[in-house]
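The values are calculated or read from the model by the stated rules, or taken from the named source; none is laboratory data. It should be emphasised that the depicted structure is a prediction, and the values quoted were computed from it without experimental measurement. Ideal geometry is used to build each Cβ from the backbone, glycine not excepted, and the neighbour counts take in all protein chains shown. Heads up: the accessible areas ignore ligands, DNA and RNA and are worked out on the full protein's heavy atoms, side chains in. Shrake-Rupley method; radii C 1.70, N 1.55, O 1.52, S 1.80 Å.
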Amino acid sequence: MATLFAKTPYQSPSLPKTFNTHFAPSLKVSFPGCSGSRAGVRVGQRLRVSCGLIEPDGGKLVELFVEESRRSEKKREGLGLPRIKLSRIDLQWVHVLSEGWASPLRGFMRESEFLQTLHFNSLRLDDGSAVNMSVPIVLAIDDSQKRRIGESTRVALVDSDDHLVAILYDIEIYKHHKEERIARTWGTTAPGLPYVDQAITNAGNWLIGGDLEVLEPIKYHDGLDRFRLSPAELREEFTRRNADAVFAFQLRNPVHNGHALLMTDTRRRLLEMGYKNPILLLHPLGGYTKADDVPLSWRMKQHEKVLEDGVLDPETTVVSIFPSPMHYAGPTEVQWHAKARINAGADFYIVGRDPAGMGHPIEKRDLYDADHGKKVLSMAPGLERLNILPFKVAAYDKTQGKMAFFDPSRPQDFLFISGTKMRTLARNKENPPEGFMCPGGWQVLVEYYDSLVVPAENGKVIPEAVPA
């Protein structure tokens, strides 16, 4: 899988600075003498050349870690502060913020940042420039917690075991308008939205924002921490590999050969554009996902088999875990996914059909238009520097016995295998058509669904319910 890396020292955040580069995907060339990324950018009829990886939003990664020499001091400080216990999803957002995925954001959102995110999908910086921010990153508290905080300007954030995780400074408490938040983020207030049910409905009626100082890097001790590379570590790895383009592919599902075809074809296209060493960031989402998604640990096993079986080239692929929770908020959320990858050094982003989408929780239809995600990304404020690469539609070509790009002139030759069909085959220990997924990867899926079968008292086995 991905090369294992040592942790790098965390740098102090710097003040944001303006960026004004506007990428257009019409021309990319390579130039000798530039280290790192070489991007030719067409502006009008002139070509501007930039060297090095794409800059993070605001000009520099904003990492929020306390210096190691000050940790003991901060722990003592935290003992005398009002405490807020973090949920699992809250902790994932602390992880996201602390490593700079949301740069230049410096903590949980205050009200002005929350409103800008809800209404403009962007944040205005002090110098007048704007960065994309489409998903609120907020911390909810209830009435009793608000009373305990009282007049304090600082609060301690602790995990489920009451261990100090971070301190929030210069706090601001404001009303948690849940209906407005839900309506503007998801475009509906229909019941049954997974993230809403998990993190908003029963959350407190107040939000608390402020500047975050995190004691040390977030660890989950689940055997996967070595794959949770921060934006700084990813940038270091891309530079070490002499990447002159980084193209990111997010997924929350197992990789089949249609995905692999898309990723390898993207690299081919980048080479044809003139790049010498495009590197793929295969970036599975590792935060909260809904109950019927394949769990992260099993997905990582499956991704490992994909590389072992040679479906993707380990020399040109970096596999890492993106720590964000999943909202399933369609075109709104896909902007967040794209923006975070800029901060990790990606200048190309692959987007497919109905990104970050889901079925309508009540009606039998998709919640979002399947094409709106890629259209929104091409127009979103603050994402002008990112090159959007729309999916080509891949399906199983029965004449070739493998996954191929769909040819509308001979639709009868193609078989579309839905996620529901794939799960049904795996649960029943049936094989998909040869060439749909590498054998090792498919075996991992079969083992996962087999693990969901629980023995009954009479000795028979009963399949555990897994929503389709």
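If you check D407, D413, D397 for being of a type in the set (D, E), modelled with pLDDT of 95 or more and loosely packed, with under 15 Cβ neighbours inside 10 Å, only one passes: D407. Residues in segment 356-373 that are crowded, with 20+ Cβ neighbours inside 10 Å and not in a loop (DSSP other than H, G, I, E, B): G373 only.
For segment 252-271, the condition holds for at least one residue, the condition being that it is over 20 Å from P56 (Cβ atoms), under 15 Å from the mean Cα position of the chain (by Cα) and not assigned by the TED database to the domain that holds D90.
Of everything in segment 117-135 that is among the polar types (S, T, N, Q) and within 21 Å of the chain's Cα centre (by Cα), the residue that is nearest to G210 (Cα to Cα) is T117. State yes or no: is L312 of a type in the set (A, V, I, L, M, F, W, C) and in contact with a Ser or Thr (Cβ under 9 Å, 6 or more places away or on another chain)? Judged against the criteria, L312 is a match. Screening Q250 on (1) open to solvent by less than 10 Å² (accessible area, probe 1.4 Å); (2) within 21 Å of D354 (Cβ to Cβ) shows it passes everything except condition (1).
Being open to solvent by 10 Å² or more (accessible area, probe 1.4 Å) and under 16 Å from I342 (Cβ atoms) narrows it down to one of A140, A130, so name that one.
Of the residues listed, the single one that is open to solvent by 10 Å² or more (accessible area, probe 1.4 Å) and under 16 Å from I342 (Cβ atoms) is A130.
Within segment 185-208, none of the residues are in a loop (DSSP other than H, G, I, E, B) and within 24 Å of V62 (Cβ to Cβ).
Yes or no: P194 over 27 Å from G357 (Cα atoms), touching a Phe, Trp or Tyr at 6+ places or on another chain (Cβ under 9 Å) and open to solvent by less than 30 Å² (accessible area, probe 1.4 Å)? Considered against the rule, which asks whether it is over 27 Å from G357 (Cα atoms), touching a Phe, Trp or Tyr at 6+ places or on another chain (Cβ under 9 Å) and open to solvent by less than 30 Å² (accessible area, probe 1.4 Å), P194 comes out as no.
Scanning segment 148-167 finds no residues that are among the hydrophobic types (A, V, I, L, M, F, W, C), touching a Ser or Thr at 6+ places or on another chain (Cβ under 9 Å) and in a loop (DSSP other than H, G, I, E, B). In a helix (DSSP H, G or I), open to solvent by 20 Å² or more (accessible area, probe 1.4 Å), β-branched (V, I, T) and modelled with pLDDT of 95 or more - does that describe any residue in segment 324-345? So far as segment 324-345 goes, yes, one or more of its residues are in a helix (DSSP H, G or I), open to solvent by 20 Å² or more (accessible area, probe 1.4 Å), β-branched (V, I, T) and modelled with pLDDT of 95 or more. Taken together, E99, E151 contain a single residue that is of a type in the set (D, E) and open to solvent by less than 10 Å² (accessible area, probe 1.4 Å), which is E99. The residue pairs whose first member lies in segment 182-210 and is touching a residue at least 24 places away in the same chain (Cβ under 8 Å), whose second member is among the small types (G, A, S) and open to solvent by 40 Å² or more (accessible area, probe 1.4 Å), and whose beta carbons are closer than 8 Å, counting only pairs six or more residues apart or on different chains, are P194/A291; A199/S87. For segment 121-139, the criterion of being more than 26 Å from L383 (Cα to Cα), in contact (Cβ under 8 Å) with a residue 40 or more places away in the chain and not in a loop (DSSP other than H, G, I, E, B) is met by none of the residues. The set of residues from segment 197-212 being of a type outside the set (V, I, T), closer than 30 Å to D369 by Cβ and open to solvent by less than 40 Å² (accessible area, probe 1.4 Å) comprises A199, A203. When A232 is tested against the conditions (1) touching a strand residue (DSSP E or B) at 6+ places or on another chain (Cβ under 8 Å); (2) within 30 Å of G52 (Cα to Cα); (3) of a type in the set (G, A, S), the lone failure is (1).
Just checking, which of Y169, Y195 is outside the structural domain of N343 (by the TED database) and within 22 Å of the chain's Cα centre (by Cα)? Even if it seems obvious, please write down each step before you answer.
On the way: Y169 fails: within 22 Å of the chain's Cα centre (by Cα).
Being outside the structural domain of N343 (by the TED database) and within 22 Å of the chain's Cα centre (by Cα) holds for just one of Y169, Y195, which is Y195.
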